[in-house]
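Notes follow once the structure below has been shown.
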Amino acid sequence: SVNALVVFDDGAGPRLYAGGRFTTSGTTSVKYVGKWSGSSWSQVGAGLASQVNALAVFNEGAGARLFAGGSFTTVGSTNFNRMARWNGSAWQVVSGGANNEVLALAPFDDGSGPKLFVGGKFTQVGGSVAANRIARWSGSSWTALGSGVSGGTTIQVNSMLPWNDGTATALYVAGRFTLAGGVTVNLIAKWDGTTWSPLGSGISGLNQFVGPLTIHNGELIAGGNFTTAGGVAVNNIARWDGTSWSPLGSGASN
């Protein structure tokens, strides 16, 4: 599977980077992350040790870097703990990484300067910082977002996306959880830099999870496996206009 795509220029011109659960493209070794020039694939350094779930470009102050998150724990003999950054010539450790799988990455400035927000299944980052499934990386240190997300039997952050609903830009976070910062949110929540808030009554349905988020025609679009959004019947995809949920036609089945 291919799990993530992002465009990044590591000094040789813009390339399309792909991450996922694969080790070759044709006869070319790519080891879970590869880059496409427009005509051919090539490996990114020595590659990574196992599955990549998320890719993002973030500038820590010394220039843009490509960040990868996933289930990998090593690169060669070096411990990477599910997070790595590519500087154009080598993979680098991201201070302690995470103690469980990373599923989502999103650059966002929530009022304290640009940060790389990291989501997934983890409960600790940086080797000692408690963080319930979501944390932020400044380029030098890790911090938690209050009590993070919780609630449910399988708790995880699947996706994150900055969006301005007409009032201010906030970070929208989705996955498998019912609480964010102790507030009932039901699978999707809004982080404004200081507090968590729900999007109406949230999302629910069979298997109950939200996967990808995107913006279309000024609305936030959420996809996943669910049958209601804000109490409105939907089929696995819905849109939020900043105040209410509505379906996209008859939605998508299966």
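The values are calculated or read from the model by the stated rules, or taken from the named source; none is laboratory data. Source: prediction; values computed, not measured. When we count neighbours, we look across all protein chains shown, and the Cβ atoms used for this are built from the backbone with ideal geometry, even at glycine. The area values use the complete protein model at the heavy-atom level, side chains included, leaving out ligands, DNA and RNA. Shrake-Rupley method; radii C 1.70, N 1.55, O 1.52, S 1.80 Å.
If the condition is being closer than 21 Å to Met83 by Cα and either open to solvent by 40 Å² or more (accessible area, probe 1.4 Å) or of a type in the set (A, V, I, L, M, F, W, C) (or both), then segment 139-157 contributes Ser140, Ser141, Trp142, Thr143, Ala144, Leu145, Val149, Ile155, Val157.
Within segment 175-183, does at least one residue satisfy the condition of being among the β-branched types (Val, Ile, Thr) and free of Cβ contacts under 8 Å to residues at least 24 places away in the same chain? Taking every residue of segment 175-183 in turn, at least one turns out to be among the β-branched types (Val, Ile, Thr) and free of Cβ contacts under 8 Å to residues at least 24 places away in the same chain. Looking across segment 91-117 at every residue that is more than 16 Å from Val157 (Cβ to Cβ), touching a strand residue (DSSP E or B) at 6+ places or on another chain (Cβ under 6 Å) and assigned to a strand (DSSP E or B), the one that is most open to solvent (accessible area, probe 1.4 Å) is identified as Gln92.
In segment 118-125, the condition of being modelled with pLDDT under 95, part of a loop (DSSP other than H, G, I, E, B) and either open to solvent by 60 Å² or more (accessible area, probe 1.4 Å) or out of contact with any Lys or Arg (no Cβ under 8 Å at 6 or more places or on another chain) (or both) is met by no residue. Restricting attention to segment 196-230 and to residues that are surrounded by fewer than 15 Cβ atoms within 10 Å (Cβ to Cβ) and touching a residue at least 24 places away in the same chain (Cβ under 8 Å), the residue that is nearest to Asp165 (Cα to Cα) turns out to be Ile215. For segment 8-37, residues that are open to solvent by 70 Å² or more (accessible area, probe 1.4 Å) and touching a residue at least 24 places away in the same chain (Cβ under 8 Å) total 3. Within segment 223-253, the set of residues being farther than 17 Å from Gly175 by Cα, hydroxyl-bearing (Ser, Thr, Tyr) and not in a loop (DSSP other than H, G, I, E, B) comprises Ser246 only. Being closer than 30 Å to Thr195 by Cα, of a type outside the set (Phe, Trp, Tyr) and free of Cβ contacts under 8 Å to residues at least 60 places away in the same chain is a property that does not hold for Ser77.
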